[in-house]
Amino acid sequence: MAQSDVLGSIRDLMVALPAPVYTCDPHGFVTFFNRCAAELWGREPTVGEEQWCGAYRMFQRDDTPLAHDACPMAVALRENRAVVGEEIIVERPDGSRAFVQPRPQLVRDEQGTLLGGVNVLIDVTAIRKENRSLKQQVAQRTAESQLRGDQLQALASELIHAEERERQRVAQLLHDDLQQTLAAARWQLEAVRTGVTHESHERGLEQVRCLLDDAIHATRSLTAELSPPVLHDLGFDAGVKWLASWMQEKFDLTVKLDTCAEANPSDEAAAVLLYQSVRELLFNVVKHACVEEARVSSTMLEDGGIRVVVADNGRGYNVAARTETHLVEGGFGLFAIRQRLLGIGGQLHVESGLDQGTRVTLSVPLRR
């Protein structure tokens, strides 16, 4: 079969192919290309004048420029062999690019004479974009996991320090107040025992009674501060009201309440968590907001959940610029509150701005 007949048959086949295909003569000059090839290149090369490939520009995968006489078709014709496994980048005149896997094959007649080459161009741009997207997602998930690990590590460290600070505070209170009061009562009893008159006994016993009253008051105050009985006996709403009174007494912080009596989690763990969260947020107001008033409100949600809002008109802060790893010094911090709420299906949302106050919304779902 003549060379023209062979290539003519190939052209008829290639015109119908839905893939980019072109042919070159033995010297590498482009002799044919189909519509898909022209669309891939973004141009129509001049047949018989342009050599090796009709692409406007080509690059290797590392973005190194690839000369036309070094492209896979040129290598195949020059070295008289098939080229497989290559991937290049084709750049169109408008600057857009496509990732392509060329598959040049040599065409010979029955005597083995080289007639030219046929190159099928497999466009793998969509696959590369998908792979890049997957890599980006993996990188993002990895970064998020690393951040979450760092946050949890910081949280664990802060919990340890907070627990130790609380131990030291309780120990100091027991030593400076309760133990000294009891020691004084014991000393007074000893004085009564060795007293010589009835009047001295009466005075001594009265002093012992006063000292014991002080000790009882100290233990009750400590018990209420650590875990107020009203919270466990009457629920979250009553606990918040007691907390408002306690914050006024201890820190001169006025807490205005707008609570719903029905907003009481039936689950005690949720009630305790909400109470501890509100207490921590009010501590933050005392330490950071530089105001003398805060507001606490509670409402029932349509699905039976509970929403609690703690707000102030203090200094505020830039929420976007502050990462969750910045745990509040001396407390569990917003990150810890959020993590604990997430554990029971709840949420935490912060709204704040410099000199615009802070509004923290806590929500817990209906316990099913």
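Scan segment 18-34 for residues that are in a loop (DSSP other than H, G, I, E, B) and touching a strand residue (DSSP E or B) at 6+ places or on another chain (Cβ under 8 Å) and report the count. Count: 7.
ASN34 meets each of the listed conditions (1) under 29 Å from ILE127 (Cβ atoms); (2) among the polar types (S, T, N, Q); (3) touching a Lys or Arg at 6+ places or on another chain (Cβ under 9 Å); (4) touching a residue at least 24 places away in the same chain (Cβ under 8 Å) apart from (4).
Just need a number here: residues in segment 92-131 that are among the hydroxyl-bearing types (Ser, Thr, Tyr) and either part of a strand (DSSP E or B) or surrounded by 12 or more Cβ atoms within 10 Å (Cβ to Cβ) (or both). I'd like the intermediate steps shown before the answer.
Initially, segment 92-131 is screened for residues among the hydroxyl-bearing types (Ser, Thr, Tyr), giving 96, 113, 125.
Remaining after also requiring either part of a strand (DSSP E or B) or surrounded by 12 or more Cβ atoms within 10 Å (Cβ to Cβ) (or both): 125.
Count: 1.
Among the residues of segment 212-224, at least one is at pLDDT below 90, over 18 Å from ARG340 (Cα atoms), in contact with a Ser or Thr (Cβ under 6 Å, 6 or more places away or on another chain) and among the acidic types (Asp, Glu). Figure legend. Inter-residue proximity from segment 65-89: first residues free of Cβ contacts under 8 Å to residues at least 40 places away in the same chain and surrounded by 14 or more Cβ atoms within 10 Å (Cβ to Cβ), second residues aliphatic (A, V, I, L, M) and part of a helix (DSSP H, G or I), beta-carbon distance below 6 Å, spacing 6+ or different chains. Indicated pairs: VAL83/VAL75; VAL83/ALA76. Of all the criteria given as (1) within 21 Å of PRO18 (Cα to Cα); (2) of a type in the set (Lys, Arg); (3) in contact with a strand residue (DSSP E or B) (Cβ under 6 Å, 6 or more places away or on another chain), the one not satisfied by ARG92 is (3).
Among residues of segment 346-361 that are under 9 Å from ARG315 (Cα atoms) and touching a residue at least 12 places away in the same chain (Cβ under 8 Å), those with a beta-carbon under 9 Å from a residue that is among the charged types (D, E, K, R) and surrounded by 18 or more Cβ atoms within 10 Å (Cβ to Cβ) at least six positions away or on a different chain give the pairs GLY357/ASP312; THR358/ASP312. Would you mind stating whether ALA244 is surrounded by 14 or more Cβ atoms within 10 Å (Cβ to Cβ) and out of contact with any Gly (no Cβ under 6 Å at 6 or more places or on another chain)? Yes.
Filtering segment 11-44 to residues that are of a type outside the set (Asp, Glu), at pLDDT below 90, surrounded by fewer than 18 Cβ atoms within 10 Å (Cβ to Cβ) and out of contact with any Phe, Trp or Tyr (no Cβ under 6 Å at 6 or more places or on another chain) leaves LEU13, VAL15, ALA16, LEU17, PRO18, ALA19. Screening TYR56, TYR22 for residues that are touching a Lys or Arg at 6+ places or on another chain (Cβ under 8 Å), touching a residue at least 12 places away in the same chain (Cβ under 8 Å) and of a type outside the set (A, V, I, L, M, F, W, C) leaves exactly one candidate, TYR56. The residue of segment 50-76 that is modelled with the lowest pLDDT, among those that are under 14 Å from GLN101 (Cα atoms) and part of a strand (DSSP E or B), is GLN60. From the list ARG307, ARG368, the one residue that fits, being at pLDDT below 90 and either of a type in the set (D, E, K, R) or farther than 24 Å from GLU144 by Cβ (or both), is ARG368.
With respect to (1) outside any helix (DSSP H, G or I); (2) under 49 Å from the mean Cα position of the chain (by Cα); (3) of a type outside the set (Asp, Glu); (4) at pLDDT 90 or above, the lone exception for VAL47 is condition (2).
The values are calculated or read from the model by the stated rules, or taken from the named source; none is laboratory data. Given the structure is predicted, the values throughout are model-derived calculations rather than measurements. With ideal geometry, Cβ positions are generated from the backbone for all residues, glycine too; neighbour counts draw on all protein chains shown.
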